[in-house]
1. Heavy atoms only, probe 1.4 angstrom, no DNA, RNA or ligands counted: give me 107, 69, 95 ranked by accessible area, highest first.
2. With axes computed from alpha carbons, what is the tilt in degrees of helix 58-71 against the longest principal axis of the chain, rounded to the nearest 10 within 0 to 90?
3. At a Förster radius of 25 Å, what calculated FRET efficiency corresponds to the Cβ-Cβ distance of residue 54 and residue 19, to the nearest 0.05?
4. How large is the accessible surface of residue 80 in square angstrom, using a 1.4 angstrom probe and rounding to the nearest 10?
5. Any idea what angle helix 75-84 forms with the longest principal axis of the chain, computed on alpha-carbon atoms, 0 to 90 degrees, nearest 10?
6. Please work out which option in (1) -0.25; (2) -0.22; (3) -0.32 gives log10 I(q)/I(0) by the Debye sum over Cα atoms at q = 0.09 Å⁻¹ calculated from these coordinates, and answer with its label.
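The values are calculated or read from the model by the stated rules, or taken from the named source; none is laboratory data. The model shown is predicted, which means the values in this text are computed figures rather than measured ones. With ideal geometry, Cβ positions are generated from the backbone for all residues, glycine too; neighbour counts draw on all protein chains shown. To get the accessible areas, we keep the full protein, side chains included, count just its heavy atoms, and leave off ligands, DNA and RNA. Shrake-Rupley method; radii C 1.70, N 1.55, O 1.52, S 1.80 Å.
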Amino acid sequence: MIPKQQSIKLSPYMGLYDLIVPEDNMLRRINDLVDFSFVYEELKDKYCLNNGRNAIDPIRMFKYLLLKTIHDLSDVDIVERSKYDMSFKYFLDMTPEEEVIDPSSLTKFRKLRLKDINL
């Protein structure tokens, strides 16, 4: 299930991104320039809007896969790196203290949600 309203992430540590992730960082620039809302449109038929547990945000899952492609890392390595790399957390729209996903979630997302889609 995809929540109809996206929640706002409030954290007293969000200012760290301005100190740690420079303005010219590639991931920061991609995140600021690209509107990833097309992912919702592409995957709307793959999620139930009113039944089941809340899903991990499809945009975040897509961004994990994009990071995986850019950095040529495995699912486990990309999730592990996103625990401590602040540019990854910024790109994934996570608060600095937020927990990362389980690597198996990427495999499930790829196999269940993207199998018939050419994103």
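1. Details: 107 45, 69 105, 95 10 Å².
Result of the area sort, largest leading: 69, 107, 95.
2. On a 0 to 90 degree scale, this one is about 60.
3. Numbers: r = 32 Å, r/R0 = 1.26.
The calculated FRET efficiency here is 0.20.
4. 90
5. 40
6. Matching entry in (1) -0.25; (2) -0.22; (3) -0.32: (1).
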